[in-house]
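The values are calculated or read from the model by the stated rules, or taken from the named source; none is laboratory data. Note that the coordinates shown come from a computational prediction; the quantities given were computed from them, not determined experimentally. Every residue, glycine as well, gets a Cβ built from its backbone with ideal geometry; the counts of neighbours run over all protein chains shown. These accessible areas exclude ligands, DNA and RNA; they are computed on the full protein's heavy atoms, side chains included. Shrake-Rupley method; radii C 1.70, N 1.55, O 1.52, S 1.80 Å.
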Amino acid sequence: MSMLQLNGQIINVFEAPAYTNRETGEITPARHRVQVICQNVQQNGQRRVELVNLTVSDVRPYEGAEGRQARIPVGAFVNGGQVQFYALKGEAPVIAAAAAGKV
């Protein structure tokens with residue numbers, strides 16, 4: 001069981017293309033990404049909506065889940081003063097069932 005879970009609505013599943021660093025020539029391979037809308041409750045009680053882009057190793061559990069709520073086991077690190085999240089390998093997301101009549 002992971003210590004951290006990201007809770008939100010899956011908005012998009014896509015593949016970010018490979019790219020080459022112009023300075024070093026290093027090639028970064030294509031990666032699967034999942035975009036999740038999350039609500040972050042601030043210290044003053046107000047809610048801030050955030051779009052979180054997750055890199056995932058296996059896109060299959062997320063395909064067709066757009067518009068549905070999910071709990072995704074994640075890890076976190078700080079990059080340039082911002083907290084970044086990534087989906088944990090080997091940990092499956094819990095995706096809510098589709099509402100009746102919706103595809």
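Contact map, the stretch 57-80: residues that are in a strand (DSSP E or B) and of a type in the set (S, T, N, Q) paired with residues that are at pLDDT 95 or above and surrounded by 14 or more Cβ atoms within 10 Å (Cβ to Cβ), Cβ distance under 6 Å, separation 6+ or inter-chain. Pairs shown: Q69/Q9. Filtering the stretch 17-43 to residues that are of a type outside the set (V, I, T) and farther than 20 Å from V83 by Cα leaves P17, A18, Y19, N21, R22, E23, G25, E26, P29, A30.
Evaluating G90 against the criteria (1) part of a loop (DSSP other than H, G, I, E, B); (2) in contact with a Lys or Arg (Cβ under 8 Å, 6 or more places away or on another chain) leaves one unmet condition, (2). Taking the stretch 49-64 as the range and being more than 12 Å from the chain's Cα centre (by Cα) and modelled with pLDDT of 95 or more as the test, only V49 passes.
Restricting attention to the stretch 60-78, and to residues there that are out of contact with any Phe, Trp or Tyr (no Cβ under 9 Å at 6 or more places or on another chain) and open to solvent by less than 90 Å² (accessible area, probe 1.4 Å), which single residue is nearest to V34 (Cα to Cα)? This residue is Y62.
If I filter the stretch 21-56 down to residues being part of a loop (DSSP other than H, G, I, E, B) and open to solvent by 80 Å² or more (accessible area, probe 1.4 Å), which single residue comes out as nearest to A92 (Cα to Cα)? Restricting to residues being part of a loop (DSSP other than H, G, I, E, B) and open to solvent by 80 Å² or more (accessible area, probe 1.4 Å), the top hit is P29.
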